[in-house]
Amino acid sequence: MSTAKLVGIGLMGFAAAVFALHSMTAKGQPAPKKSEETVKPQYSKSGYDIAPLPKDRVAAWAAKLDPEAFNVTQDGGTERAFCGGLLANKESGVYTCVVCGLPLFSSEQKFESGTGWPSFFDKFDPDHVSEVIDRSMGMVRTEINCARCGAHLGHVFEDGPPPTGLRYCLNSAALKFAEKDKAPPPDRAPGKENAAVSATGKDAGKEQAVAYFAGGCFWGIEHYFQVGPGVIDAVSGYMQGHTENPDYKQVCSDSTGHAETVKVVYDPSKIKYRDLLVAFFKMHDPTQMNRQGPDYGSQYRSGIWYVNDEQRVEAEKYIKELESQKAFDGRKIVTQVEKAKTFYPAEEYHQDYIDKTGGVCHVANPW
Ligand SMILES: [Zn+2]
């Protein structure tokens, strides 16, 4: 089935609900209950409307579920281990909420835990899965729910694999699998895409400019650029390599030539390129060749990828200044200054990684 058809069905369902509502009032029935009023949309980072759904609407959808899915999602039940239909699924795509269709986990985050339940080490979007402490069955566990419809999904444990160390333990019955190109589309363009800017450095009509910095593992660099005054967006990705659309695994193999890079979209009326350079050199050690701290390999090299000649001149000038000041104890700065090639955003689970995981970060706050 095409995405268009899926959307069509979704819209038809919605239209039918609206029609039902209208015809009721038209017939002089009591006005709809407050919970059926239009809920103001709240968009997640990936662009889905996650405003909590009215209880009556959830109940109507839940009534159509099969008994197992109803028991799990509405009554907090648990399916028997090794029995769920999605346990062995290795297709690439998105796992959505069986009740409301919100994307919850991605095949890229799935792993074989051996527990008998589908397991993921991260969520599709941090805003899509909510957590509550569950004290039932004489244990203290963290229950996970769909943030939009409240469906019970499973639990999260702290014995998962890197990079998060978490294990989201799911009931297959709470999920519905959609192949990559058939996943429900976002309700509006995700924030990241809105902030995308052409590599010319400036976006016509808008006070936005872009700069690229590689300073080792991108998690911490992205985190601190993101909180800089005048920074609109910071995105983790891969750059300056010789293959197209690389993924994390390929980049980590140190064979594609890419460097972990942070794209910084900023408002030049509020922060200057030079301020970004200053922050960048505070955040990492530019005297380490092809490594940062514990991370080794050319993907962790220090680099400034300029998008125009102004940036190149400014970067080279600032590096000379640092060297003449004998910054970094007079050690040689090995930061590469190169013309920016194509930027490939990293997988979603790398974005806002520090915020998502609350992880500690060895990068210093430059602001
Ligand atoms: Zn849901």
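Summary table
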read-out: The listed residue being within 16 Å of the ligand (Cβ to nearest atom) and in contact (Cβ under 8 Å) with a residue 60 or more places away in the chain, out of Gly76, Gly93; value: Gly76
read-out: Residue match in region 115-136 (condition: in a strand (DSSP E or B), away from the ligand (no atom under 16 Å from the Cβ) and farther than 19 Å from Glu179 by Cα); value: yes
read-out: The listed residue being touching a residue at least 24 places away in the same chain (Cβ under 8 Å) and either surrounded by 21 or more Cβ atoms within 10 Å (Cβ to Cβ) or farther than 21 Å from Gln226 by Cβ (or both), out of Tyr296, Tyr318; value: Tyr318
read-out: Every residue from region 145-169 that is buried (at least 24 other Cβ atoms within 10 Å of the Cβ), under 20 Å from the mean Cα position of the chain (by Cα) and either within 13 Å of the ligand (Cβ to nearest atom) or under 14 Å from Val99 (Cβ atoms) (or both); value: Cys146, Ala147, Arg148, Leu153
read-out: Search result, residues across region 57-97 that are outside any loop (DSSP other than H, G, I, E, B) and modelled with pLDDT under 90; value: Arg57
read-out: Residue in region 329-337 that is surrounded by fewer than 18 Cβ atoms within 10 Å (Cβ to Cβ), touching a residue at least 60 places away in the same chain (Cβ under 8 Å) and not in a strand (DSSP E or B) present; value: no
read-out: Flag if Pro118 is in contact with a Cys (Cβ under 9 Å, 6 or more places away or on another chain) and not aromatic (Phe, Trp, Tyr); value: yes
read-out: Unique match (being under 15 Å from Gln351 (Cβ atoms) and free of Cβ contacts under 8 Å to residues at least 60 places away in the same chain) among Asp233, Asp275, Asp254; value: Asp233
read-out: Of all residues making up region 96-109, the number that are in contact with a Ser or Thr (Cβ under 7 Å, 6 or more places away or on another chain) and more than 16 Å from the ligand (Cβ to nearest atom); value: 1
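The values are calculated or read from the model by the stated rules, or taken from the named source; none is laboratory data. Because the structure is predicted, anything quoted here is derived from the model rather than measured. As a convention, Cβ positions derive from the backbone with ideal geometry for all residues, glycine included, and neighbour counts pool all protein chains shown.
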